[in-house]
1. Go through region 34-67 and give me each residue that's crowded, with 19+ Cβ neighbours inside 10 Å, out of contact with any Pro (no Cβ under 9 Å at 6 or more places or on another chain) and either hydroxyl-bearing (S, T, Y) or farther than 23 Å from Q79 by Cα (or both).
2. Which pairs have Cβ atoms under 9 Å, sit 6 or more apart or on different chains, and link a residue in region 43-61 that is in the same structural domain as P28 (by TED's automatic domain parsing) to one that is assigned to a helix (DSSP H, G or I) and among the charged types (D, E, K, R)?
3. Is there a residue in region 94-112 that is more than 14 Å from L19 (Cα to Cα), surrounded by 12 or more Cβ atoms within 10 Å (Cβ to Cβ), at pLDDT 90 or above and assigned by TED's automatic domain parsing to the domain that holds E17?
Amino acid sequence: MDAPRHERRAAGALESEVLAVLRSVDHPLKPSEIQSAVGRDLAYNTVHTILTRLQQKGDVARVPYGGRIGYAPVKSAAQVAAERMREALQSSDKHDEILQRFITALSPDEEDALRAALDGDRRL
């Protein structure tokens, strides 16, 4: 009888899961804590490999934590999203059109949040 197969995660999915775990807390996490949070079927060595890759990309930093080494995200999810939005805007010279399409796709709550953010920036 064949051994049960584990579903393979899509490329980058593990990195995204690890980053989501790290961003869900306000302190660094040890690899074993990340392993537990992501799932027990994930090998410790795999978690360590993912953390090494994320560190090489500049997405996480190694920091002292609880007498050992912990990992913390370098940027918040909001910072990453804002950078992606900025890159999308810079990918074209039609900034007005891109912004208009973005704004018209917002929910009323998102529109209110955008207005509040813009009003806050004007006071600076």
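1. Q35, L42
2. Cβ pairs passing all conditions: I50/E15; I50/E17; R53/E15; L54/E15; K57/E15; D59/E15; D59/R53.
3. The answer is no, given that none of the residues of region 94-112 is more than 14 Å from L19 (Cα to Cα), surrounded by 12 or more Cβ atoms within 10 Å (Cβ to Cβ), at pLDDT 90 or above and assigned by TED's automatic domain parsing to the domain that holds E17.
The values are calculated or read from the model by the stated rules, or taken from the named source; none is laboratory data. Source: prediction; values computed, not measured. For neighbour counting, all protein chains shown are included, and Cβ atoms are generated from backbone atoms with ideal geometry for every residue, glycine included.
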